[in-house]
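Student: Sharing a structure, written as structure tokens. Questions coming.
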Amino acid sequence: MDQAKAAAAEAVEGAKAAAAEVTGLVESLRPRGALELIDDAGSLLRRRWSDVSILAAVSLTPTIVLSVVMSMRHSTDGSLFTDPQLIFQLGQSDRSTTQAILALVLGSLSLAILIHALTRLVLNDLVGRVESPWRILLRTFRSFHQWVGTWLLGRIALGLGLLLCGVGILWPWAAFWVLIPIAASERLTPIAAMRRCLELTKGARGRILGVALLLEITTALAQVAFFLFPAQIVSGLVDGRPLSLVLALVGSGVAILIESITAATVVNAYLDLRVRREGLDLDLRLRGLT
């Protein structure tokens, strides 16, 4: 009798565990909201900051170096590629225009490198693979020739949208927002990656655009909080070229944090689309069972 009761209790517990598992699967397939994706990005940074900071620092090195050089020459007073001040300087002189365009291009490419590396880091976590951030960066740079064409096509699409109609950039921005994670995880040719991105974002571009816009607003506010306020304090202590150098260094630290959040949100948005449309989470669980 006692054995029958124990077996019944065990069966009940097993049923509860199965129900909880199914509930978890259903929850994992629920579309994630914009704030949830950004919060997940913050959680990733807190959990893996030692690795993410290395990926971000190395990926953003060209932009940081350019920013320091430009600051020392007093051309942008410490502005980084994330600063709107660079946009306002376009057209002031040939030299400042060239520097601003170079900073924007390097900024975009550096962010793409970071997104590519961070995609590998997150996918490694999902499948239980362990790789050092240096190994991930090495793999990213070795495959640079394979995915740089994808990045270039994405920039061309954004440029055409901007030239044809100012607000026309919104559609390609939403349609190709997760292009780099696709290039990092699915290793497609540039044209195939563009088609894949259009297919994956179909029906979800309005939500993606909302996530992207909210992310831009959030990071802009964070930039004000972490850069402009300390800059005002520092400006009361030093002046001239030392001030430009200090502002560039502060801005570099801010850029590493801001771009890490941006990259992590893009990667999370890609995984969210994969889970919702293709059951990526279910696939990973099945792989774990086998």
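Please treat every number below as a calculation from the coordinates, not as lab data. Not measured: the values here are computed from a predicted model. Neighbour counts run over all protein chains shown; Cβ positions are idealised from the backbone, glycine included.
Student: Quick check: pseudo-label points 7 Å beyond the Cα along Cα→Cβ at Glu216 and Trp171, how many nm apart are they?
Tutor: A separation of 1.7 nm, rounded to one decimal place.
Student: Rounded to whole Hz and in sequence order, give me ³J(HN,Hα) for region 34-51 from the Karplus expression 6.51 cos²θ - 1.76 cosθ + 1.60, θ = phi - 60°, writing x for Gly and Pro.
Tutor: 4, 5, 5, 5, 5, 5, 4, 4, x, 5, 4, 5, 5, 6, 10, 4, 4, 6
Student: Using the Karplus curve 6.51 cos²θ - 1.76 cosθ + 1.60 with θ = phi - 60°, what ³J(HN,Hα) values do you get for each residue of region 255-263, in whole Hz, with x for Gly and Pro?
Tutor: Once rounded to whole Hz, the list reads 4, 4, 5, 5, 5, 5, 5, 4, 4.
Student: Sticking with this one: Would you please put 250-256, 49-55, 213-219, 108-114 in order of how densely packed they are, using the mean number of other Cβ atoms within 10 angstrom per residue and starting with the highest?
Tutor: 108-114, 250-256, 49-55, 213-219
Student: How much length is gained if the chain between Ser132 and Thr61 is pulled fully straight, taking 0.36 nm per residue apart and subtracting their Cα-Cα distance, in nm to one decimal?
Tutor: Computed gain between Ser132 and Thr61 is 23.7 nm.
Student: Using the per-residue mean of other Cβ atoms lying within 10 Å as a proxy for protection, in what order, highest first, do the peptides 183-196, 258-271 fall?
Tutor: 258-271, 183-196
Student: Tabulate in residue order the Karplus-calculated ³J(HN,Hα) for region 192-209, using 6.51 cos²θ - 1.76 cosθ + 1.60 with θ = phi - 60°, rounded to whole Hz; enter x for Gly and Pro.
Tutor: Per-residue couplings from phi come out as 5, 5, 5, 5, 4, 5, 4, 5, 5, 8, 4, x, 10, 5, x, 5, 5, 4 Hz.
Student: Order these peptides, 127-133, 152-158, 61-67, by their mean beta-carbon neighbour count within 10 angstrom, highest first.
Tutor: 61-67, 152-158, 127-133
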